[in-house]
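A.B. asks: Sending over a structure as structure tokens; questions will come in a sec.
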Amino acid sequence: MSKEAAQLGARLRALRRRERLTQAAMAERLGISASYLNLIENNRRPMTAALLIRLASEFGVDVASFAEEGDQRLASELLEAFADPLFDEHGLTSQDVRDLVAQAPGVGRAVLTLYEALRESRESAHALAARLSEGPAGVEPVHLPSEEVSALIQAKRNHFPELEDAAASLRRRVGGDLLEGGLRTLLARHVEVVEAPVERMGGALRRLERDRGRLLLSEALSPHSRLFQLAHVAGLLEAEGAIDGLVADATLTSDTARTLARVALANYFAGAVVMPYAPFLAAAEATRYDIGLLGHKFHASFEQVCHRLSTLQRPGASGVPFHFMRVDIAGNISKRFSASGIQVARFSGACARWNVHAAFMTPGRIRVQLSDMPDGQRYFCVARTVQRSGAGWHDSHTLHAVGLGCRVEHGRRLIYADDVNLEGAAVPVGVTCRLCPRMDCASRAMPPIHQALGVDEDVRGLSFYAPVTD
């Protein structure tokens, strides 16, 4: 029996126990014998495709949750959590983590939940110390609603059929040739659309005043940003039911997380309106994923096109499976999603060698990179800085960098790889320093968890944490 089959058996057993069913009861619902179910759970029979479909139908299980990719992501996130110095004395290995995920994935997810709670407690303690030192009383607990929203997007593979259908329906109603005019006419049934001067907006680019029946749009918005904001509000007003259904997901545990999810889903809807799925996918393939040409064709910004490219995950009609991320100049990740399989840092800083960081050195220019990860996978990545839409001196200096990448086997589908030898030398890249086994890295900022820290005060290596060999 293969390792993958063994993992399926363990997950099936975990599901049955979670549903509080006997083997006989579950077997009856699946239309198989109890003895056959017992063999599957004990890794002596394979899980067939037909049985997986039946499982999804009877128990509302996402079939993708039984796939190897989900295990790899869970294992990677656990490894990142165990990279915390808190666990150093326990000597956990990557094989220990993989065994845990294979035999008890629910326990692994519970450990992640506990670790997230630990991090929140640490943040709360730091916030308390800061507030006490400054004098004001009262401390609000620190939560991470952004993490919950990111987890929801990743679980759905950044593809929401409900919003795609709603966006396609709205697009048909407003017409495609003069989209902005059609959106304005549609929104006029709900609100008055007003172009407002910057000083009146108080720093906002869009303000929906539901009680007054007005939508204020800043005069500082570029044409593509104005179109996107109109589509965003159309989503809030016209696709409210679809968004509400998605926001009701149990993984969103606070009002803040649900509000943030509503914003993210309305943005997704806006992208689907401005860049409708089938025409956009066809154009992406025809232009070989030329982000600039796609932005010109669909009146969208560089970041909007990159984000939309990462959502093309419709079964039977998918595009290149991309990972997508946005970082600020301090390295903080404000958006992330991975359909390529690459692990993006969740609990600590991302590897400094990723080209998404180097993009700040050449603002406005696309940088390409062939990356070699510690697990042996190679990725082709593009990155460029993007500037926030706004007005004034401070807004003009607010930069982020957007990164988009795929496995190297898809690289030739991208126009940016034309002058790149995809079989040639690649930049050694990791997830985070604590997980990276590469000790000869001059960019290393922390010691790895797999090797004890040895410091020689008389010798200086590539970095403080890189050992020197004789």
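The values are calculated or read from the model by the stated rules, or taken from the named source; none is laboratory data. Quantities reported herein were computed from a predicted structural model and do not represent experimental measurements. Positions of Cβ are backbone-derived with ideal geometry, glycine not excepted, and every protein chain shown enters the neighbour counts.
A.B. asks: Identify the single condition in (1) in a helix (DSSP H, G or I); (2) touching a residue at least 12 places away in the same chain (Cβ under 8 Å) that LEU215 does not satisfy, given that it satisfies every other one.
C.D. replies: Here LEU215 meets the rest and fails (1).
A.B. asks: Can you name the residue in the stretch 358-373 that is part of a loop (DSSP other than H, G, I, E, B) and either in contact (Cβ under 8 Å) with a residue 40 or more places away in the chain or not assigned by TED's automatic domain parsing to the domain that holds ILE329 (or both) and is also surrounded by the most Cβ atoms within 10 Å (Cβ to Cβ) among such residues? Give the derivation first.
C.D. replies: Pass one, the stretch 358-373, residues part of a loop (DSSP other than H, G, I, E, B): 362-366, 373.
Filter once more, so that each one left must be either in contact (Cβ under 8 Å) with a residue 40 or more places away in the chain or not assigned by TED's automatic domain parsing to the domain that holds ILE329 (or both): 366, 373.
Values: ILE366: 16, MET373: 18.
Restricting to residues being part of a loop (DSSP other than H, G, I, E, B) and either in contact (Cβ under 8 Å) with a residue 40 or more places away in the chain or not assigned by TED's automatic domain parsing to the domain that holds ILE329 (or both), the top hit is MET373.
A.B. asks: Take the residues of the stretch 217-248 that are touching a strand residue (DSSP E or B) at 6+ places or on another chain (Cβ under 9 Å) and of a type in the set (A, V, I, L, M, F, W, C): which is surrounded by the most Cβ atoms within 10 Å (Cβ to Cβ)?
C.D. replies: So the residue we want is LEU230.
A.B. asks: Residues that are closer than 30 Å to SER169 by Cβ and surrounded by fewer than 22 Cβ atoms within 10 Å (Cβ to Cβ): does the stretch 339-357 have at least one? Even if it seems obvious, please write down each step before you answer.
C.D. replies: Restricting attention to the stretch 339-357, the residues satisfying the condition of being closer than 30 Å to SER169 by Cβ are 339.
Next, from what is left, pick out any that are surrounded by fewer than 22 Cβ atoms within 10 Å (Cβ to Cβ): none.
There is no residue in the stretch 339-357 that is closer than 30 Å to SER169 by Cβ and surrounded by fewer than 22 Cβ atoms within 10 Å (Cβ to Cβ).
A.B. asks: Regarding the stretch 323-333, can at least one residue be identified that is of a type in the set (Asp, Glu), surrounded by 21 or more Cβ atoms within 10 Å (Cβ to Cβ) and at pLDDT 90 or above?
C.D. replies: Residues of the stretch 323-333 that are of a type in the set (Asp, Glu), as a first pass: 328.
Subset that is surrounded by 21 or more Cβ atoms within 10 Å (Cβ to Cβ): none.
No, the stretch 323-333 has no match at all.
A.B. asks: Tell me the helices (runs of 4 or more DSSP H) entirely within the stretch 255-341 that contain at least 3 residues that are in contact with a Leu (Cβ under 9 Å, 6 or more places away or on another chain), over 19 Å from THR385 (Cβ atoms) and among the hydrophobic types (A, V, I, L, M, F, W, C).
C.D. replies: Correct list: 255-274, 277-286.
A.B. asks: Answer with yes or no whether HIS299 is modelled with pLDDT of 95 or more and not aromatic (Phe, Trp, Tyr).
C.D. replies: Answer is no for this residue.
A.B. asks: Examine the stretch 97-118 for a residue that is surrounded by fewer than 15 Cβ atoms within 10 Å (Cβ to Cβ), at pLDDT 80 or above and among the basic types (Lys, Arg), and state whether such a residue exists.
C.D. replies: yes
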